[in-house]
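I have a structure I would like to understand better, so I am pasting it below and will then ask my questions one at a time.
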Amino acid sequence: MSTAKSPEAPQPAVREIALTRPFFWLQQGWRDLHTCFGPSLLHGLIVAVGGLAVLALTLQALPLMPGALTGFLLVGPILCTGLYELSRLVAAGKRPRLADAIGAWRRGTRPLVALGSLLFVAATAWVLISALLFELFVAVPLDSPLRFLRYVVDGQGGWLFFLWLVAGGLGAALVFSLTVVSAPLLLDRRVGLRTALLASVRAVGDNPAPMALWAALIMLATAASMATLMIGFVFAVPVIGHASWHAYRDVLDVERLPPRQ
């Protein structure tokens, strides 16, 4: 068990977990979805509607579509704040309501707001970088979704599409490492943003294989949700959001940290 310290000590200890633990988190997330069905499903519905809105807007500006559709997912950890609160209350033996999820947003702490702002900036930067790559290096007109898909599938993009995938993958990996447990930690315990981000990075570093599996499961659920024109997000978002709370409680030992009232 890791006990490394930072200037914002005490740092939570990181537990070593089994490779298959992410499947347990999903099981717990599904259970919490059934327990808080209405409030949980509302979170998924909001994300699905938001995804459809992004899709509709970017159909008018196709170079923005790849970055926008992937960029809005970067703010996912903060969008699940209400779900973390619902799971926290379920774990405490309570019957949470929608008002409890809203209350988690209303009492949003400065570090939690700062994390949300950081994710928003990262998503915006990715949209701009992605659009710039397509604007500068795509020689053929991409004036319809069909032509855009043909450009990608036929390999006309060549190295550009590969570069876009590599850049997006690196960015997503960095965001995942910084946020996989930091958002629920900030909601649950009285810690600063730097402590939460470091704890999240350490959690990934001490458990690379389980966390890689967890990231792959999230990506798979995201791809399936997009393939269903965002409808899959209605269920994927609450299950992953609730599961992320259990991931946080499983990986970090936070008993020494003061709770956030």
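Sorting check: for 56-62, 194-200, which peptide has the highest mean count of neighbouring beta carbons within 10 Å, and how do the rest follow?
Final packing ranking: 194-200, 56-62.
Sticking with this one: Name the residue farthest towards the positive end of the dipole of the stretch 15-251 from the options P22, L98, P63, assuming +1 on Cβ of Lys and Arg, -1 on Cβ of Asp and Glu, about the Cα centre.
Of the listed residues, the answer is L98.
Efficiency by 1/(1 + (r/R0)^6): what FRET value for L128 and L213, r their Cβ-Cβ distance, R0 = 41 Å, to the nearest 0.05?
Approximately 0.85, to the nearest 0.05.
What is the packing order of peptides 123-130, 232-239, taking the mean over residues of other C-beta atoms within 10 Å and listing the highest first?
Highest to lowest by the protection proxy: 232-239, 123-130.
Here is a further query. Averaging sequence separations of C-alpha pairs under 8 Å and six or more residues apart, then dividing by the length of the chain, give the relative contact order as a whole percent.
39 percent
Which of H242, H34 comes first, and how do the rest follow, when ranked by fewest Cβ neighbours within 10 Å?
Ordered by Cβ neighbours within 10 Å, fewest first: H34, H242.
Oh, and also: Over the stretch 36-116, what is the relative contact order in whole percent, taking alpha-carbon pairs under 8 Å and six or more residues apart?
33 percent
Hey, fewest Cβ within 10 Å first, where do Y84, Y248 land in order?
Ordered by Cβ neighbours within 10 Å, fewest first: Y84, Y248.
If the elastic network links every pair of Cα atoms under 10 Å, which of L79, L98, L115 fluctuates the most in the Gaussian network model of the chain?
Comparing L79, L98, L115 in a Gaussian network model of the chain, the most mobile one is L98.
Extending each Cα 7 Å along its Cβ direction at A61 and K94, get the distance between those two points in nm, one decimal.
4.2 nm
Name the long-range amide H neighbours of Q11: under 5 Å, sequence gap of 5 or more, or other chain; modelled H, no Pro or chain starts.
S6
Work out the length of the dipole vector of the stretch 15-251 about its Cα centre, built from +1 on the beta-carbon of each Lys and Arg and -1 on the beta-carbon of each Asp and Glu, and round it to the nearest 20 debye.
Rounded to the nearest 20 debye, it is 840 debye.
Mind listing the long-range amide H neighbours of R189? Cut-off is under 5 Å, sequence gap 5 or more, other chains count too, H placed in the peptide plane at 1.01 Å from N.
Under 5 Å from the amide H of R189: R260.
Continuing with this model, one more query. Fewest to most neighbouring Cβ within 10 Å: what's the order for I78, I231?
I231, I78
Give, in nm to one decimal, the length gained when the segment between E255 and V121 is fully stretched (0.36 nm per residue of separation minus the Cα-Cα distance).
Extra length from E255 to V121 when fully extended: 45.0 nm.
Give a residue-ordered list of calculated ³J(HN,Hα) values for the stretch 175-188 (Karplus: 6.51 cos²θ - 1.76 cosθ + 1.60, θ = phi - 60°; whole Hz; x for Gly, Pro).
5, 4, 4, 7, 10, 4, 10, 6, 5, x, 5, 5, 6, 8
Read-outs throughout are calculated quantities, based only on the coordinates presented, and are distinct from any laboratory measurement. Small disclaimer: the values here were computed from a predicted structure and weren't measured. FYI the Cβ positions are ideal-geometry reconstructions off the backbone, even for glycines, and counts take in every protein chain you see.
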